[in-house]
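Here is the structure we will look at.
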Amino acid sequence: MNPNPPVRYTVFPVSPQAHLFRVQCTIEQPDPAGQRLSMPGWIPGSYMIRDFAKNVVWLRASDEQGHPLEVVKLDKATWQVAACDTPLYIEYEVYAWDLSVRGAHLDTNHAYFNGTTVFVAVEGQTDQPCQVTLQRPEGETYQDWRVATTLPRREAALYDFGSYQAVDYDELIDHPVEMGHFNLASFEVAGVPHDIALTGKHRADLPRLCRDLEKICATHVALFGELPKMERYLFMVTAVGEGYGGLEHRSSTSLLCSRNDLPLPGQETITDNYRNFLGLCSHEYFHLWNVKRIKPAIFMPYDLSRETPTRQLWAFEGITSYYDELALVRSGVINTESYLQLLGQTATRVWRGAGRFKQSVADSSFDAWSKFYKQDESAPNNIVSYYTKGALIALALDLTLRQMTDDARSLDDLMRRLWQTYGKPGIGVPEGEIERLATQIAGTDLSEFFARYVHGTEDPPLQKLLEQTGIDFCLRPARNADDRGGSAAEPRSEQRPPVWLGARVAHDPLGARLTQVFDNGPAQKAGLSAGDVIIACDHIKVDKNNLELQLGDYPPGSDVTLHAFRRDELFETLLELEPAPADTVYLTIKSQSSTQQSLARERWLGQNRNSPVTRQVTNPSQ
C-alpha cells in the first residue's frame, strides 16, 4: 500500500435552497487508535477566531463495509472516530450562508467556499496529498454552471467540475472555489494568464478592467522582479448592491464589491468608487509576495486551531496598504493629484483617531485578534489601525531611506531583499528582522525611527519628509460629517468657523443615533454616549440629516440644549459647541518646487512605469 495515500474529498452542493454542502472524505489509512478530525478556527489573512466548525450540521463515519462507527465530539472543533482497520469514510453537511470573502455561501444562483469552511483536517495526515472532486448540483437549473478556482486540476477541464488536487492540506485550503454563472475575462502578465471571474448582476466594462489591472499587476511584478511560480492567477469578484472586502490566496484573491465600484462601458474617467476597487485589487495582488510568501516566522506553519499573534502585521498589512495605492500612480492608471488625494484620505483616517496616542501599531498588530477584528464603539478612542497608520509609517520609511541614501535606496529595496531572503526560499521572517534590514539598507541606525513610530505612539513626521518631494502636508477642519479629507476646503460663504459635535451619527427612527463618541469632544463632555438617540436640538426635532445643519447655525462657544433617549429613558443635557479640530489632511504640490524636489517626487512616484513585463491584453471571453 502507498505509504502516503491521498486524503480524498468530494464536495456536493446538495441543497442550494437550504444552503447546504455535503462533503465526503475518504481516509485510506486511518489512525489505528481511532482517527481524529478537526476544522480550522480561523482563515489565514483574517486574524480572528471564526470557529468554522459551528457550521457543520452533522458528521457521520463508517468503515469500508458501510458499518457505522461511533463519533464523539471532543471540543468545539474536534471529533474522535472509533478505531477501524479498513479505509474510513466520513460524511458531513456544512451550512453555507456567509456572503463574505472569508466564509461559504450557497444558493440557487451560485456556490462559493473557502477550504477552511468545508474541509475537515485529518490529524496526523495534513502533510499528505489531497484529491478533491467538485460536483455539480442536481437539476436542469445547474447544467450550465462552471467552476472558478486555481486549485490544481487533476482530471477536470479548465473552469469545469471534476477532479482537483493539492500537495497537502495547507494548499488545499488556500484555493477558494466559485461555482455558478460568471463572466470571464483574461489578460497576461509576465507570461502568466490572469483571469477575472465576475459573479453577480453588473454592467462592467471588462476590457477596461483588464487593461487597468494589467498595468497595476505589471507594476508589482516589476518591483519584485518576478512572479511567484504559478500556472495562472485569478481575481474572483462578487458584485452586490453594497459590499467591500478582499482576502488573499497563493494564486488568487476573493473580492466583494458594490456593482457601482465597477467601470461602465463608455465611462472614460476613473470614479472614486472604481479607484477604490482598483486599490483593493492592487492590495490583494501585492499579498502574492507580502504575506503569502514573505510571512512572519510564527506563521510557518500556520496553526489554525488557536490565535497566533505577531507584532509584525503593521508591515505585512501596512506596507501592503502603502503599495496598493502607490502602484496606481506608478502604473499610470491615476495621476499624481489623484494619488495625493488618496494619501490625504488615509492620513485623515489616522489623524481623526485619538487611539493612535494610546496604542502603537506593533501592539495593534499583536492585539488584532481581540481588538482590531472585534471593534466596538470605543475603537477610535482606544486603538489604531495597523493598516492605515502602518501605511503612513511605510511612506515615512520609504522617504527616510530615500533621503538617507540620496535616492539610491528605498522601501522597494527592502521588499526585494525580503522576497529574495525569506519569501522565495520559504523562510519565515523573525520578529525585528524588518527593522534590522531597513537599518542595513539605510546604512544608518534606524532604531529610533522604529522605537518612536512602530513601537511608540508618535505620528510619523510626514510634513518634514514630504517637503523633500515638494509636497505640502496640510491640516484643516472637516467641512461636514461626510468629509473624508484629501482635498482643500471649499471657500465658505461666511467667516464663522465650523463647529464640532464630537461624535459619529447614524439614522434612527426616533432621531439621530450616536454610534461613536470621541474623547474630549463636546458630546462626551455633555455626558452623551454611544447608543444615545438625540431627538431635539433647542426644542426643535432633529434627525441624522439635519442635526449637523442645526448645530452649524450656532457660533463656537454656544450652549445648546439637547433632548435624547438612552435606551427608553429621556434626558436633557447642555452641549457647549467647540470649533471643529484641524484633523482633516490634504496634500498639495508646491507651486514652486525646486528641480531637486521635482526629481525626488518623480523617482518616488514614477518608478516602474512602462514596465517591460507588461504583456498585451487577450480578448476577454464572456
Of all residues in the range 217-245 being aliphatic (A, V, I, L, M) and in contact with a Gly (Cβ under 9 Å, 6 or more places away or on another chain), the one that is surrounded by the most Cβ atoms within 10 Å (Cβ to Cβ): Val237
Output for the range 254-300, where each listed residue is without any contact (Cβ under 8 Å) to a residue 60 or more places away in the chain and within 18 Å of Gly423 (Cβ to Cβ): His283, Glu284
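Does Val333 qualify as being out of contact with any Gly (no Cβ under 7 Å at 6 or more places or on another chain), of a type in the set (A, V, I, L, M, F, W, C) and surrounded by fewer than 24 Cβ atoms within 10 Å (Cβ to Cβ)?
Yes.
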Extreme residue, surrounded by the fewest Cβ atoms within 10 Å (Cβ to Cβ), among residues of the range 119-165 that are without any contact (Cβ under 8 Å) to a residue 60 or more places away in the chain and among the aliphatic types (A, V, I, L, M): Ala157
Qualifying residue in the range 251-260 (condition: modelled with pLDDT under 95, on the phi < 0 side of the Ramachandran plot and not aromatic (Phe, Trp, Tyr)): no
Any hit, the range 509-518, residues being modelled with pLDDT of 95 or more, in contact with a Ser or Thr (Cβ under 9 Å, 6 or more places away or on another chain), hydrophobic (A, V, I, L, M, F, W, C) and crowded, with 20+ Cβ neighbours inside 10 Å: yes
Qualifying residue in the range 7-23 (condition: of a type in the set (Gly, Ala, Ser) and part of a strand (DSSP E or B)): yes
Long-range neighbours under 9 Å by Cβ, at least six apart or interchain, first residue closer than 20 Å to Leu74 by Cα within the range 16-40, second surrounded by fewer than 17 Cβ atoms within 10 Å (Cβ to Cβ) and among the aromatic types (Phe, Trp, Tyr): Pro40/Tyr302
Test: residue in the range 262-274 that is assigned to a helix (DSSP H, G or I), buried (at least 17 other Cβ atoms within 10 Å of the Cβ), at pLDDT 95 or above and touching an Asp or Glu at 6+ places or on another chain (Cβ under 9 Å): yes
Positions within the range 505-554 being closer than 15 Å to Arg566 by Cα, in a loop (DSSP other than H, G, I, E, B) and not charged (D, E, K, R), in sequence order: Pro509, Leu510, Gly511, Ala526, Gly527, Leu528, Ser529, Ala530, Gly531
Cβ-Cβ under 8 Å pairs, at least 6 apart or on other chains, the range 193-204 side within 17 Å of Asp107 (Cβ to Cβ), far side of a type in the set (D, E, K, R) and surrounded by 21 or more Cβ atoms within 10 Å (Cβ to Cβ): Thr199/Glu178
Odd one out for Trp419 among (1) under 19 Å from Ala327 (Cβ atoms); (2) free of Cβ contacts under 8 Å to residues at least 60 places away in the same chain: (2)
The one condition in (1) out of contact with any Cys (no Cβ under 9 Å at 6 or more places or on another chain); (2) in contact (Cβ under 8 Å) with a residue 40 or more places away in the chain; (3) small (Gly, Ala, Ser) that Gly66 fails to fulfil: (2)
Selected residue (criterion: surrounded by the most Cβ atoms within 10 Å (Cβ to Cβ)) from residues of the range 33-90 that are in a loop (DSSP other than H, G, I, E, B) and of a type in the set (Val, Ile, Thr): Ile49
Residues that are free of Cβ contacts under 8 Å to residues at least 40 places away in the same chain and surrounded by fewer than 14 Cβ atoms within 10 Å (Cβ to Cβ), drawn from the range 547-560: Leu549, Asp553, Gly557, Asp559
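The values are calculated or read from the model by the stated rules, or taken from the named source; none is laboratory data. Nothing here was measured: the structure is a model prediction, and the numbers come from that model. Here the Cβ is made from the backbone with ideal geometry for all residues, glycine too, and neighbour counts use every protein chain on show.
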